[in-house]
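The values are calculated or read from the model by the stated rules, or taken from the named source; none is laboratory data. Owing to the predicted nature of the structure, the values given are computational and were not obtained by experimental measurement. Here Cβ is always computed from backbone atoms with ideal geometry, including for glycine, and neighbour counts include all displayed protein chains. Heads up: the accessible areas ignore ligands, DNA and RNA and are worked out on the full protein's heavy atoms, side chains in. Shrake-Rupley method; radii C 1.70, N 1.55, O 1.52, S 1.80 Å.
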Amino acid sequence: MSSEPLSVVVLAAGEGKRMRSTRPKVLQTVAGRPMLAHVLDAASALQPEAIHVVYGHGGDAVQAAFADRSLAWALQSEQLGTGHAVAQALPAIPDHHQILVLCADVPLIRPSTLEALVSEAHGTLSLLTVVLPEPTGYGRVVRGEGGAVDAIVEEKDATPAQRAITEVNTGVMCLPASPLRHWLGALDAGNAQGEYYLTDCIAMARADGWPVHPLVCADPWEVQGVNDRAQLAAVERAAQHRQAVALMRDQGLGLADPARFDLRGELTVGQDCFIDASVMIEGTVTLDDDVHVGPFTRLCDCHIQSGTRVLAHCDVEGSEIGHDCRVGPFARLRPGTALAERARVGNFVETKQARVGADSKINHLSYIGDSQLGAEVNVGAGTITCNYDGRKKHRTRIGDRVFIGSNTALVAPLAVGEGVTIGAGTTVREDIPADTLMLESGHLRQIPGWRSRGKD
């Protein structure tokens with residue numbers, strides 16, 4: 001890193017018309033977080049003196065999204081180009097600082113690349129470039145004798161020979177603050193875009209005898225800008241691939257298909273964990289050793305302990321799952337669910353604010369909400385807890401070793417004692433003491449020759 005104090009300027013004022021969205025472009029998400037958040041994280045890793053964000057379109061929403069961060073905000077009320085944008089932040093930056101200029105729509109930039117770029121400047125200028133086989137649309141990096149950078153020429157202003165250059169400007173550069181004030185003041189908008197280009201400062205610096213140190217970025221995805229939905233989708237896949245590779249290499253995660261894996265948060269895994277195809281991770285998720293997650297499953301803000309299997313097509317959110325449990329397929333565990341060791345929640349079962357004891361089973365077609373189940377409870381198919389009376393929720397408490405027959409309705413508030421057996425088809429409205437058989441036996445009638453109304 002350079003010894004000079006560092007200020008970072010993030011250009012985030014663009015409207016992003018090609019997104020066709022009411023949301024500011026810099027708040028469009030990659031890997032579940034706004035693009036600007038990724039750039040701010042990379043900048044913060046350098047521990048700069050300050051981070052200045054130049055905002056414009058949707059400024060209130062952008063500022064509100066990062067209200068918890070220590071940022072300096074500079075308004076660009078008119079979109080007059082990148083040089084004009086940096087000029088809005090410059091009054092708050094001391095002359096002796098180096099200025100690292102970043103773009104808020106380049107979310108995959110790595111801190112290590114930025115550290116190398118700042119070090120390359122040595123108190124002068126450095127420029128991050130990339131070589132593209134198809135450079136259309138980008139400003140070309142013009143080099144002179146000995147490979148020195150002489151200028152950056154925007155494509156609309158370039159000659160045919162300059163357009164043949166494949167090394168392009170990424171928009172990321174590091175410049176000294178004091179001479180930058182002079183160069184920005186000398187900019188003019190006499191170009192095809194009618195804008196004040198920050199890149200014109202490179203030619204001015206060379207004319208004033210300042211060296212420009214280029215750094216070629218090895219990974220084009222790091223500097224890929226996002227201007228429309230297609231580019232956003234492409235960057236999303238690149239971000240997911242980066243995360244998948246890191247998890248496999250750094251934590252030993254097994255992935256059936258890294259191309260069909262989505263992480264939109266933080267994932268920590270133990271040894272011998274495996275995630276099948278088309279699984280989505282959101283929020284903060286922890287998998288202990290030997291956890292397997294089946295395909296087409298979503299995990300959000302949950303902790304799954306060792307040996308557990310989450311089968312296909314499950315949705316698990318805000319839940320704590322114990323050792324050696326089985327969940328799914330097609331199970332939905334809503335926030336507040338906690339499964340003790342070896343509990344089972346099977347197909348088409350929904351739980352919410354439910355604590356399920358060790359070795360208990362809810363295997364089929366049931367809803368268990370606002371409930372506490374003891375150990376070794378068996379919940380039959382079609383069982384529901386009726387926990388809402390139209391005004392507030394009520395809890396159901398079920399003791400150890402309770403057997404609940406199929407198609408049972410448990411009307412809360414309710415307490416079921418240990419060792420109770422409830423017959424199939426029963427509606428329970430009152431507490432049941434321990435070791436009781438509960439049956440509901442209505443009188444059945446058969447009427448032969450019956451025809452439904454409306455049928456011939």
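A few comments on the model shown:
- Taken along the Cα-to-beta-carbon direction at a fixed 7 Å, the label points for GLN193 and ARG33 span 2.8 nm.
- Inter-site label distance for GLU155 and SER77 at 7 Å from Cα along Cβ, in nm: 3.3 nm
- Assuming charge only on the beta carbon of Lys and Arg (+1) and of Asp and Glu (-1), the dipole of region 107-239 about its Cα centre is about 80 debye to the nearest 20.
- Candidate values [x] 1.18; [y] 0.99; [z] 1.01, label of the one derived for Rg/Rh (Cα atoms, Kirkwood Rh): [x]
- Reachable lysines from LYS352, criterion Cα separation under 25 angstrom, eight or more residues apart if same chain: LYS361, LYS392, LYS393
- Distance between the 7 Å Cα→Cβ label points at VAL245 and ASP219: 0.6 nm.
- Region 186-224 and region 356-421 have Cα centres separated by 68 Å.
- Pairwise FRET efficiency - ALA164 versus GLN63, Cβ, R0 = 35 Å, nearest 0.05: 0.25
- Atom-type composition of the exposed protein surface of region 293-332 places 54 percent of the accessible area on carbon and sulfur (1.4 angstrom probe).
- Counting only aspartates and glutamates at least 8 places from LYS17 when in the same chain, those with an alpha carbon closer than 16 Å to its own are GLU78, ASP105, ASP228.
- Think of the chain as a dipole: +1 on every Lys or Arg Cβ, -1 on every Asp or Glu Cβ, centred on the Cα centre; then among VAL39, HIS97, GLY59, GLY59 lies furthest on the positive end.
- Lys/Arg +1, Asp/Glu -1 at C-beta; the chain dipole; positive extreme among ASN363, SER7, PHE274: ASN363
- Filtered trypsin sites (Lys or Arg not before Pro), region 321-420: DSSP coil and at most 14 other beta carbons within 10 Å: ARG391, LYS392
- Charge dipole magnitude, Cβ of K and R +1, D and E -1 - the chain, Cα centre, debye nearest 20: 2060 debye
- Per residue accessible area of region 262-316, 1.4 Å probe, in Å²: 37 Å²
- Loop-located GluC sites (Glu not before Pro) across region 371-439 with a Cβ neighbour count of 14 or fewer within 10 Å are GLU430, with loop assigned by DSSP.
- Selection of GluC sites (Glu not before Pro), region 266-361, meeting DSSP coil and at most 13 other Cβ within 10 Å: none
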